[in-house]
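S.K.: Pasting in a structure now, in structure tokens, and then I'll have a few things to ask.
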Amino acid sequence: MSQSMPWLESLEAALAHAREQRKIALVDYVKPG
Amino acid sequence: MDTVTYPQPQVAAELAAHFACARVDITSDREAMRQARVLWTPWLVCWSRHQIPLRTVIGFLPPAQLLIELRFVRALDALRRAEYERARSLFSEVADAADAAELAPEAAYWVGIAGYLRDGDDDRLHDAWRPLQERWPTSTWAARTRYPRGRQP
């Protein structure tokens, strides 16, 4: 799991990464810490 | 999830093989939580590589249950990519899995759909749904198969 970033940028980066990797994006919304 | 589920070797291997995982921190900011429409955590959302939402998984899941969910998500993804036989096979694995619980009848429903999308045969669709009707006759998924034949459901 990658480090947290502001939520929307983090979500967009996750989806872009999944597309590059040709994998399913799995986003885990979490509490800090 | 961090202490029990994600470190489990089978879960870690499944995630590494098929999923691009990311963590999004929203609960430090109530506005972000509202915008993301997240009510509770854990809250996992899966998208296809083309950003089609596949499934939302809410609440803690032990390793065996997350593995079943991940297989189900892979089946949905295969269906979206028109890999119907692959999807049918993965849905069948979920339907037959000992740990599938309430996901089993849902997977059995999709076994029929995957076959129908492949060959468009209504008789084969209802044949494929027979195990669902027999194994989980009171499930809502079995109820969805009991529409008048010859009409659009």
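The values are calculated or read from the model by the stated rules, or taken from the named source; none is laboratory data. All figures in this text were calculated on a predicted structure; none of them were measured in a lab. Virtual Cβ from ideal backbone geometry, glycine too; neighbours counted across all protein chains shown.
S.K.: State all residues of region B:1-43 that are outside any helix (DSSP H, G or I) and touching a residue at least 24 places away in the same chain (Cβ under 8 Å); if no residue qualifies, say none. Quick ask: steps written out before the conclusion?
M.R.: Quick first cut of region B:1-43, residues outside any helix (DSSP H, G or I) only: B:1-8, B:19-29, B:37-43.
Selection gives B:Met1, B:Val4, B:Thr5, B:Gln8, B:Phe19, B:Pro42.
S.K.: Name the single residue, out of those in region B:18-55 being among the small types (Gly, Ala, Ser) and surrounded by 19 or more Cβ atoms within 10 Å (Cβ to Cβ), that is modelled with the lowest pLDDT.
M.R.: Step one: filter region B:18-55 for residues among the small types (Gly, Ala, Ser), giving B:20, B:22, B:28, B:32, B:36, B:48.
Filter again for surrounded by 19 or more Cβ atoms within 10 Å (Cβ to Cβ), leaving B:20, B:22, B:36, B:48.
Working: B:Ala20: 95, B:Ala22: 90, B:Ala36: 77, B:Ser48: 96.
Only one residue fits best here, namely B:Ala36.
S.K.: Same structure, new question: Quick one: count up the residues across region B:109-148 that are of a type outside the set (Ser, Thr, Tyr) and touching a Ser or Thr at 6+ places or on another chain (Cβ under 8 Å). Even if it seems obvious, please write down each step before you answer.
M.R.: Within region B:109-148, the subset of a type outside the set (Ser, Thr, Tyr) is B:110-115, B:117-137, B:141-144, B:146, B:148.
Narrowing the set further to residues that are touching a Ser or Thr at 6+ places or on another chain (Cβ under 8 Å) leaves B:111-112, B:126, B:129, B:132-133.
Final tally of qualifying residues: 6.
S.K.: Tally the residues that are at the interface with another protein chain (Cβ under 9 Å from one of its Cβ atoms), within 17 Å of A:Ala18 (Cβ to Cβ) and among the hydrophobic types (A, V, I, L, M, F, W, C), restricting the search to region B:40-56.
M.R.: 5
Conditions tested, residue by residue: (1) within 21 Å of A:Glu12 (Cα to Cα); (2) within 11 Å of chain A (Cβ to nearest Cβ); (3) of a type in the set (Val, Ile, Thr); (4) touching a Cys at 6+ places or on another chain (Cβ under 7 Å).
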{"position": "B:Met1", "(1), (2), (3), (4)": "no, yes, no, no"}
{"position": "B:Pro9", "(1), (2), (3), (4)": "no, no, no, no"}
{"position": "B:Ala16", "(1), (2), (3), (4)": "yes, yes, no, no"}
{"position": "B:Phe19", "(1), (2), (3), (4)": "yes, yes, no, no"}
{"position": "B:Arg30", "(1), (2), (3), (4)": "yes, no, no, no"}
{"position": "B:Val38", "(1), (2), (3), (4)": "yes, yes, yes, no"}
{"position": "B:Ala78", "(1), (2), (3), (4)": "no, yes, no, no"}
{"position": "B:Glu93", "(1), (2), (3), (4)": "no, no, no, no"}
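S.K.: Answer with yes or no whether B:Leu15 is closer than 18 Å to A:Leu26 by Cα, at pLDDT below 95 and over 13 Å from the mean Cα position of the chain (by Cα).
M.R.: Numbers: closer than 18 Å to A:Leu26 by Cα: yes; at pLDDT below 95: no; over 13 Å from the mean Cα position of the chain (by Cα): yes.
No: the conditions fail for B:Leu15.
S.K.: While we're on this one: For region B:74-108, which positions are part of a loop (DSSP other than H, G, I, E, B) and of a type in the set (Asp, Glu)?
M.R.: Looking only at region B:74-108, we keep the residues that are part of a loop (DSSP other than H, G, I, E, B), and these are B:81-83, B:97-102.
Correct list: B:Glu83, B:Asp99, B:Glu102.
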